[in-house]
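Report on the following structure.
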Amino acid sequence: MKSVLPDDAILEVDSHVTTSIKDLNSYSKSFFKFYFKQNPDLVSVISVESSEKMDFEGDIMISFNSKTHKTNLIKDDLNIFSPESVKSFTRGIQ
């Protein structure tokens with residue numbers, strides 16, 4: 001997914017999701033990449049690993065117990081992230 005943000009900033013999100021219907025759980029690792037149109041070689045990248053449980057209510061699958069297991073600042077060429085802002089990418093319990 002690619003989004004254009006204010007000031008010609010770009011956010012690209014690449015998520016890899018593994019889901020087990022048998023075990024009723026899902027695991028994902030997502031990469032959030034920020035850069036500006038005028039200089040795409042300078043980037044800031046955060047990775048987030050998370051999981052959630054699933055169940056069925058009739059024909060509808062619901063998810064619950066979402067947890068973030070690991071958040072990592074991979075690269076910060078743009079110098080825009082602090083440890084607190086990296087943690088803001090988490091949800092649930094880290």
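The values are calculated or read from the model by the stated rules, or taken from the named source; none is laboratory data. Since the structure is predicted, the reported quantities are computational estimates derived from the model, not experimental observations. No Cβ is skipped: glycine too gets one built from the backbone with ideal geometry, and neighbour counts run over all protein chains shown. For accessibility, only protein heavy atoms count, side chains too; no ligands or nucleic acids. Shrake-Rupley method; radii C 1.70, N 1.55, O 1.52, S 1.80 Å.
Identify the residue in the range 73-94 that is open to solvent by 70 Å² or more (accessible area, probe 1.4 Å) and in a strand (DSSP E or B) and, among all such residues, is farthest from S20 (Cα to Cα).
Within the range 73-94, the match that is farthest from S20 (Cα to Cα) is K75.
Basic (K, R) and out of contact with any helix residue (DSSP H, G or I) (no Cβ under 8 Å at 6 or more places or on another chain): does that describe K37?
no
Could you list all residues from the range 3-23 that are among the hydrophobic types (A, V, I, L, M, F, W, C) and under 21 Å from the mean Cα position of the chain (by Cα)?
Taking the range 3-23 and keeping what is among the hydrophobic types (A, V, I, L, M, F, W, C), we get 4-5, 9-11, 13, 17, 21.
Of everything in the range 3-23, those that are among the hydrophobic types (A, V, I, L, M, F, W, C) and under 21 Å from the mean Cα position of the chain (by Cα) turn out to be V4, L5, A9, I10, L11, V13, V17.
Pick from the range 12-31 the residues that are touching a strand residue (DSSP E or B) at 6+ places or on another chain (Cβ under 7 Å) and among the aliphatic types (A, V, I, L, M): which of them is most open to solvent (accessible area, probe 1.4 Å)? Don't jump to the end; show me each part of the working.
Within the range 12-31, the first condition is being touching a strand residue (DSSP E or B) at 6+ places or on another chain (Cβ under 7 Å), and the residues that meet it are 12-19, 24-31.
Then drop every residue that is not among the aliphatic types (A, V, I, L, M), which leaves 13, 17, 24.
Values: V13: 31, V17: 91, L24: 52 Å².
Selected residue: V17.
Select from the range 24-51 the residues that are touching a Lys or Arg at 6+ places or on another chain (Cβ under 7 Å) and over 17 Å from K70 (Cβ atoms) and list them in ascending order.
L24, V43, S44
Residue by residue, here is whether (1) in contact with a Ser or Thr (Cβ under 7 Å, 6 or more places away or on another chain); (2) exposed (fewer than 14 other Cβ atoms within 10 Å of the Cβ); (3) assigned to a strand (DSSP E or B) holds:
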position: V4; (1), (2), (3): no, yes, yes
position: D7; (1), (2), (3): no, yes, no
position: K33; (1), (2), (3): no, no, yes
position: S44; (1), (2), (3): no, no, yes
position: D55; (1), (2), (3): no, yes, yes
position: N65; (1), (2), (3): no, yes, yes
